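Step one of this worksheet: look at the structure below.
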């Protein structure tokens, strides 16, 4: 899948506006405004903030179960509409309310992202699972930003019926992040997590009974990310 260079900047900006630090949605301009997607997104955000959803744990197995809980609730709230569930989860797990990319000639620009009010967002973000890999960073953010990579990739794969398109878009966005100084570190790791999401979405599209844990439990050494192909 090749992208025209002259289209890179406008398409990349649109991607940033709607997908945080991943490409979470494909053909999103139509899908994101569907009432069911908005409803499920709001219900998931409320669920994450509620006492029903557990606090962050530093135990990996516990955090994996928390990710499964998000998926199961998304499916429940969407009445088993998998496309709606995966897209709404992608919005609900955004771990920020804005991004600040640096563009050539323009400089740093603050771009708002679709989100709830700042107080509710802070509570929700604080409770997002973040230590679900053996090498998750030990800081306060952990791998919370990777949730949208995983579920966004799953949505793209489920929606398009192929892993090739999501993989190409994912690599393209990671290259764009480097070019526009969004995230100069961990790009190979992001691509790897994107591919775990692709496998998840592919399995769902084939009717397999799977949960995120089945894929996020994968073990791999940091220096092997670039060697992984699915």
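Bear in mind these aren't lab numbers, they're just calculated from the coordinates by the rules spelled out. Please read these numbers as outputs of a predicted model, since none were measured by experiment. Backbone-built Cβ (ideal geometry, glycine too); neighbour counts: all protein chains shown.
Figures for the structure shown
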read-out	value
Spin-label model distance (nm) - residue 62 vs residue 119, 7 Å beyond Cα toward Cβ	2.9
Sequence of 209, 65, 73 once ranked by neighbouring C-beta atoms within 10 Å, starting from the fewest	209, 65, 73
R0 of 30 Å, Cβ-Cβ distance residue 140-residue 109: FRET efficiency to nearest 0.05	0.75
For 47, 155, 98, 192, order by how many other beta-carbon atoms lie within 10 Å, fewest first	98, 47, 192, 155
